[in-house]
Amino acid sequence: MALRAGVRRRNQRQSDDWHKTPCPAHVDPRLYQQFVDLVKIIDDENVLLGVIPERTNGLLGDYHPNPNGQGPRIWLVRCGGGERYGLEGVLAVKNCRFELITLVHEYGHHRSHVDGTRPAIIDEVVKAWQANGAIPWEHAILNIEQEHRAWDLARRTLTRLGFTEWAAFNMRQAEGIGAHCAYLRAGKRIGELLDGS
């Protein structure tokens, strides 16, 4: 999907050939091409991309549909260095498989927002959780349901990109949902409820 005429791209780029950045020597070229293709998709939807240093809450990526009224934004968490925006910075991958899976999950949140399946209250739930360290049970359930939705949309996107490393994906999905359950202080009870057990 291309940008509408007259819409300014939000991601900084050093050149129009940013997507031709050579694959780093330590990275599997097939995974790197899938990563670049995903970045192109996200950039075409005019989502601001950036990299931030490691966070204390353990989350490895972040999506917000409209922080400070500036439009959608996805951040990847990468150890070392400071906060950076721009496509070249995002493409300087350290662990391509891991970052591809994290980025596509955050993109799943974006697609859920665009498709209208991301509950509008989610941003308020996250703010309340960050301020108070806990949220009501019903809000925790909404958050975990949204995580499942984002992972499902991520799986669909990776399938279209030709991704085949599903064991790694499944492990990251389980870790991600487990981390959100722990963060929300709801633990196993949420998993039991969602699984119907």
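Candidates in region 69-92 are the residues that are surrounded by fewer than 16 Cβ atoms within 10 Å (Cβ to Cβ) and at pLDDT below 80; of these, the one that is nearest to GLN34 (Cα to Cα) is GLU88.
Look at region 70-94: where a residue is among the acidic types (Asp, Glu) and a partner is in a strand (DSSP E or B) and modelled with pLDDT of 80 or more, sitting 6+ places away or on another chain with Cβ atoms under 7 Å, you get GLU83/GLY50; GLU83/ILE52. Considering (1) closer than 23 Å to ARG160 by Cα; (2) of a type in the set (Lys, Arg); (3) modelled with pLDDT under 80, the lone condition that ARG30 does not fulfil carries the number (3).
Inspect all residues belonging to region 179-195 and state whether any of them is surrounded by 15 or more Cβ atoms within 10 Å (Cβ to Cβ) and either touching a Leu at 6+ places or on another chain (Cβ under 6 Å) or modelled with pLDDT of 80 or more (or both). Within region 179-195, one or more residues are surrounded by 15 or more Cβ atoms within 10 Å (Cβ to Cβ) and either touching a Leu at 6+ places or on another chain (Cβ under 6 Å) or modelled with pLDDT of 80 or more (or both). Of all residues in region 158-179, those that are polar (S, T, N, Q) have Cβ atoms under 7 Å from Cβ atoms of residues that are surrounded by 16 or more Cβ atoms within 10 Å (Cβ to Cβ), 6 or more apart or on another chain, in GLN173/TRP151.
The values are calculated or read from the model by the stated rules, or taken from the named source; none is laboratory data. All values derive from a computational prediction rather than experimental measurement. When we count neighbours, we look across all protein chains shown, and the Cβ atoms used for this are built from the backbone with ideal geometry, even at glycine.
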